[in-house]
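Only one structure is covered here, and it is reproduced in the block below.
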Ligand SMILES: [Zn+2]
């Protein structure tokens, strides 16, 4: 079976979906969600990619097609470090 591939919005590299974290829009907030329907944004579990999306502030809004209030760096780091 083919491994599902997704593009990280931080580094724009293609990775197996299992190596990435998936984010969805919950209103204007960002929520980390592994599975589910709808549009998702994917990010490497890597501090460098967190820093890239924090610099590129509109990226989640563009990918998710809704105005997103960005979480703090601490929140993103926490999501990434606590995910399996
Ligand atoms: Zn990345």
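The values are calculated or read from the model by the stated rules, or taken from the named source; none is laboratory data. This structure is a prediction, so every number in the text was calculated from the model and none was measured. Heads up, the Cβs are rebuilt from the backbone with ideal geometry, glycines too, and the neighbour counts pull from every protein chain shown.
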(request) Sort out which residues of segment 17-27 are within 16 Å of the ligand (Cβ to nearest atom) and surrounded by 11 or more Cβ atoms within 10 Å (Cβ to Cβ), and write them in order of number. (result) 17, 19, 20, 21, 22, 23
(request) Go through (1) at pLDDT 95 or above; (2) within 16 Å of the ligand (Cβ to nearest atom); (3) loosely packed, with under 13 Cβ neighbours inside 10 Å and name the single condition residue 74 misses. (result) (2)
(request) Read through the list (1) more than 10 Å from the ligand (Cβ to nearest atom); (2) in contact with a strand residue (DSSP E or B) (Cβ under 9 Å, 6 or more places away or on another chain); (3) under 15 Å from residue 78 (Cβ atoms), then give the number of the only condition that residue 47 fails. (result) (2)
(message) Looking for something free of Cβ contacts under 8 Å to residues at least 40 places away in the same chain, part of a helix (DSSP H, G or I) and within 16 Å of the ligand (Cβ to nearest atom) - is there at least one such residue anywhere in segment 63-70?
(response) no
(request) Report, by residue number, each residue of segment 28-51 that is assigned to a strand (DSSP E or B) and exposed (fewer than 13 other Cβ atoms within 10 Å of the Cβ). (result) 29
(request) Determine whether segment 57-69 contains at least one residue that is within 14 Å of residue 83 (Cβ to Cβ) and within 12 Å of the chain's Cα centre (by Cα). (result) no
